[in-house]
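Down below is the structure, laid out as structure tokens.
Quick note: the coordinates plus some simple rules give every number you see, no bench work behind them. Predicted model only: the values in this text are computed from it and were never measured. Ideal geometry is used to build each Cβ from the backbone, glycine not excepted, and the neighbour counts take in all protein chains shown.
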Amino acid sequence: MENRKIKDYEEIEGYDIYIEPQFRPFGFPVGLYIALKDGVIINIKPEFGYLTTGVEKVVEGMEIDKAIPFIDRVDSSSAISPELTYCIGLEKTFKIDVPLRAKFIRTALCELSRISSHLLWLTRLANVLGINNALHYCLREREEVLHLIELATGSRLTPNFIRVGGVASNLSPRFIEEFRKFFRSFRKNFNMLKTFFLENELVVNRLNNLGVLIEEDAKNLAITGPNLRALGIKKDVRIDDTYGIYDEISFKIPVGEKGDSLDRCIVRMGEIEQSTSIISQAFYKMPEGEIRTYTEDINQFSGNTRSHIECPHGELAMEISIDEGKITKLRIKSPSYNNLLAFSRAVLGESVEDVEVILTSFDICVCEVDK
Amino acid sequence: MKILLRKMVHKVRNFKKFSLFNKLTNWVKSTSINIYCFTSGCCGNEILAILGPLYDSERWGINFVSSPERADVIMVSGTITEKMKPILEDLYNSFGNEKVLIAVGSCAINGGPFYKSDFVLKGVKEIFNVDLYVPGCPPRPEAIINAILKYKDHFK
Amino acid sequence: MILKSLLLKTFYFLLFLLLGIYVTVYLHKKILAHMQSRRGPLHTGFHGILQTLSQTLKLLLKSPKNFLKSQNLVITIGAIISITFAIAAFLLIPLTGEIFFINVEISLPLCICFIVISNTGTFLSIDRTGLNTNKILGLLDRISTTIVFSVPLFISSLGPVTFASSFNLFEIVKSQGRFYNIIYQPLSMIVFSVTCLLLWQRLSLDVPSKNTYLNIDYLSTQTGLNLLMFSISEYINILSLSLLATLLFFGGWNGPGFLHPIIWTIIKTFILQVMFLFLYTVIPKIKGIKRKINISLAFLSSLSLLNLLIVIFVVLYLKPIFNL
Ligand code: SF4
């Protein structure tokens, strides 16, 4: 007890409370300096950078295919989306055709990992609100989704599955069998999960009008993804700048109204439902055939590319420069960083008890913030 | 006189080894394990998973504890960066006398995929003495539970 | 002779208390786990029966060395206050018409008072060494909960009191010979059980990190005996509150004659506790003093006052007519 002398928060002027980073559960190290006046937050300063791994630097000088597992680790909750961004960018500039079946498999896996990421977010929300039952039901559903991802790719969290020009392996018949079983039970279970959050009067009262994000702030800070859609603005990379097979599939984009925590919750719940319908359509339409086009001269490529996709947290963009098949520069624009800044605006005017709830409602992945 | 005293001390020590009290403490230590989790990075998600219904860790009396003062085992998982190092050291010092440390994930073992990076520590073993390693990137939940059960068998 | 019988009585009551706590802790874990489609403690003893014992012993073994240092002493005093008053509150409650520890004229208000005082014992548990302000936030939360929710607890317990025209628990149970109070005053019963639920701080013998609020946990640096005392007093309070609820609204030990009265009390208390547990896993924690005041002072207290008015009307005008 006496030995502990963590950084003196009193040194920093103007802030009353310091919430230490290591007290945040389950891989969420962000420190918070909070300034209060009459029990209301007037200023907040998140302190991050506890997870800076320097992926962008580590990757430099690597060959194109070798870099994929490193780019995986950028996003801890849905690792397949940074892979996809990387591969899509390279395919666009070097004019590599992707077989149709590979595109379908990519989409299905992306949506599966979107479901798993949103379910992880729901468990966090249940943990913060203190609904024990919902926490465990969310975890149970998430395990089933992860099991499917593992059957397809061979790993639960970090698949290392997408290659330039296709995917690494084909889907096994067992996967499709298990998927049918999962699909039947998931709809029912998810409806039950919804009642825990959206039909519970106390939860709705708690989340309603909490942490409202103004539209002006959202535009200034370049917020994307579900947090923006909660404001009622219909912006989605999957429709605005389609990639893969999203133009062949019909799906809705759920939007909110006010941009408070409840709307964020509703939007993400709706996205899970839409994702299940996308996956079922993708499996229905999936053709037989090749899964990867091999290109011989991958080592002679050089040039610059840019790409962006819709990951569960928002718009993930990458800028890659390649010289003779080796990466010379990689820049990642992660949506969680903007979400963290948006949190520090939305939390103003609320009381201290609600900081945790608002922080989790923004769905921030710290791996992505710090890179 | 001295010889007598020495004999007495020897007897007491021997008695302590096989005494009921020792057996009881060993039983207690092996049946309820308090773990303080220092998580960062992707491995934290897998630690969340072992609380869940599929890998229910409560079956063996494994509890996750909110402060190192209450814990028997400190579990370091994920990437440890230079910025995180002072916090980890403070936590380790406020930990009790019998310090047991489990390093989970290849990042905590030797830096893992970010071995070349300047920001990342090359494993927890650089600062502290590590008792158990759980390899994998990220390790499966079964592997983490297996490591805890290994620690438990140590008392039998 | 009197001393001997008194000592025996104390022994029996404490035994009942300890057994009750042990069973409730074990059942809480098991039922909670099965609600969440898990198995709960399984490998320690038969279906994990010995898990609670080993956890308790662990806390005893982990007592800090500097137990009597000035900062720790304050916390220890708080823990002692909370556990003594919790036991005192429990001893005031009769189990049946024959089995009781002490019979006081004003046993009901005294009992509720003691429970509230035992909750205030945690106010002293400020740890100033950690430089972590979160704990103080958690503590403030605890203080506000205790103060705010003790008001509707008092008012809602006045309904049965008026009906029996006595503060004594024996009289209150006797007045429910034919019909239980839950039929006459369901409003009051609902308010009472809801406040019981909200007063429950959700501390468990193992540490609450998994459940909620890892960071805003006011006892987060406590170990050993202090933590044990705090959490045991919490469980005693739950036990005595649900016992009080059975006595006030569910007819206490009244019941069909084929079973011993004490078994009726135990069965009713057990059912109430399972109900509490079920609600507690579904309802989120209420945070923020504005919401608490809204719920307790504006909603629950006014409901129980309304109930009180109805009961007074019934007692004054209807009771003499219908001979209730
Ligand atoms: S070991 Fe692998 S999975 Fe774990 S934190 Fe490091 S990079 Fe992430």
**Message:** Kirkwood Rh and Cα-based Rg: tell me the resulting Rg over Rh for the stretch B:18-156, rounded to two decimals.
**Reply:** 0.98
**Request:** Treat every Asp and Glu Cβ in the stretch A:2-369 as -1 and every Lys and Arg Cβ as +1, leave all other atoms uncharged, and give the resulting dipole magnitude about the Cα centre to the nearest 20 debye.
**Result:** 960
**Message:** If the only charges are +1 at each Lys and Arg Cβ and -1 at each Asp and Glu Cβ, what is the size of the charge dipole of the protein assembly as shown around the Cα centre, to the nearest 20 debye?
**Reply:** 3360
**Message:** Residue by residue through B:73-86, how many Cβ atoms from other chains fall within 10 Å of the Cβ on average?
**Reply:** 3
**Asked** Hey, if you put +1 on the Cβ of every Lys and Arg and -1 on every Asp and Glu Cβ in the stretch A:2-369, which of A:ILE291, A:PRO312, A:LEU207 ends up farthest toward the positive end of that dipole?
**Response** A:ILE291
**Asked** What residue among A:PRO335, B:ASN146, C:SER82 has its Cα farthest toward the positive end of the dipole of the protein assembly as shown, where the charges are +1 on Lys, Arg and -1 on Asp, Glu, each on the Cβ?
**Response** C:SER82
**Shielding score for A:253-261, defined as the mean number of other chain Cβ atoms within 10 Å** = 0
**Message:** Can you list the DSSP H helices in chain C whose Cα atoms extend at least 30 Å along the helix axis and whose mean Kyte-Doolittle hydropathy is -0.5 or higher?
**Reply:** C:2-35, C:70-91, C:133-164, C:224-249, C:261-282
**Request:** Could you give the size of the charge dipole of the stretch A:167-211 about its Cα centre, using +1 on the Cβ of each K and R and -1 on the Cβ of each D and E, expressed in debye and rounded to the nearest 20?
**Result:** 200
**Message:** So, R0 is 22 Å and r is the distance between the beta-carbons of B:LEU20 and C:HIS47; what FRET efficiency does that work out to, to 0.05?
**Reply:** 0.30
**Prompt:** Arranged by the count of other C-beta atoms within 10 angstrom, fewest first, what order do A:ASP72, C:ASP141 take?
**Reply:** C:ASP141, A:ASP72
**Item:** Among beta bridges that DSSP assigns inside the protein assembly as shown, antiparallel share in %, nearest 5
**Value:** 65
**Item:** Gaussian network model of chain C, Cα within-10 Å springs - most flexible of C:GLN185, C:GLN176, C:GLN51
**Value:** C:GLN51
**Request:** Determine the relative contact order of chain C: mean sequence separation of Cα pairs under 8 Å and six or more apart, normalised by residue count, in whole percent.
**Result:** 24
**Prompt:** Ranked by Cβ crowding within 10 angstrom, fewest neighbours first, how are B:HIS10, A:HIS118, A:HIS313 ordered?
**Reply:** B:HIS10, A:HIS118, A:HIS313
**Asked** By how many nm would the segment from C:PHE322 to C:MET275 lengthen if fully extended, with 0.36 nm per residue of separation less the alpha-carbon distance?
**Response** 13.5 nm
**Request:** Using only Cα positions of chain A, each an equal point scatterer, no hydration layer, compute I(q)/I(0) via Debye at q = 0.07, 0.09 Å⁻¹ and quote the log10 values to two decimals.
**Result:** -0.32, -0.53
**Fill in**
In degrees, nearest 10, the alpha-carbon axis of helix A:335-346 is tilted away from the dominant principal axis of the alpha carbons of chain A by 20
**Asked** Taking the alpha-carbon centroid of each part, what is the distance from the stretch B:50-126 to the stretch A:216-254 in angstrom?
**Response** 38
**Rounded Å value of the spacing that divides the Cα centres of the stretch A:56-118 and the stretch C:251-316** = 56
**Prompt:** Ranked by Cβ crowding within 10 angstrom, fewest neighbours first, how are C:HIS28, C:HIS260 ordered?
**Reply:** C:HIS260, C:HIS28
**Request:** Between B:PRO139, B:PRO68, B:PRO86, find the one with the highest GNM mean-square fluctuation for chain B; connect C-alpha pairs within less than 10 Å.
**Result:** B:PRO86
**Message:** Antiparallel versus total DSSP beta bridges in chain B: what percent is that, nearest 5?
**Reply:** 5
**Asked** From the residues A:ILE41, B:LEU5, B:THR79, which one has its Cα farthest along the dipole of the protein assembly as shown in the positive direction, the dipole being from +1 and -1 charges on Cβ of Lys/Arg and Asp/Glu about the Cα centre?
**Response** B:LEU5
**Asked** Mean separation of Cα pairs under 8 Å and 6+ residues apart, divided by the residue count of chain A: what relative contact order is that in percent?
**Response** 26
**Item:** Sites C:ASN294 and A:THR195 - FRET efficiency at Förster radius 22 Å, r taken between beta-carbons, to 0.05
**Value:** 0.40
**Message:** Testing the spin-label approximation: label points 7 Å from Cα along Cα→Cβ at A:LYS258 and C:SER165. State their distance in nm.
**Reply:** 5.2
**Request:** Rank-order A:291-300, C:162-171, A:271-280 by packing density, defined as the average count of other C-beta atoms within 10 Å over each peptide's residues, highest first.
**Result:** A:271-280, C:162-171, A:291-300
**Prompt:** Nearest 0.05, what FRET efficiency do C:LEU15 and A:HIS147 give at R0 = 60 Å with Cβ-Cβ as r?
**Reply:** 0.80
**Request:** Take every residue in peptide A:266-277, count the Cβ atoms of other chains within 10 Å of its Cβ, and give the average of those counts.
**Result:** 0
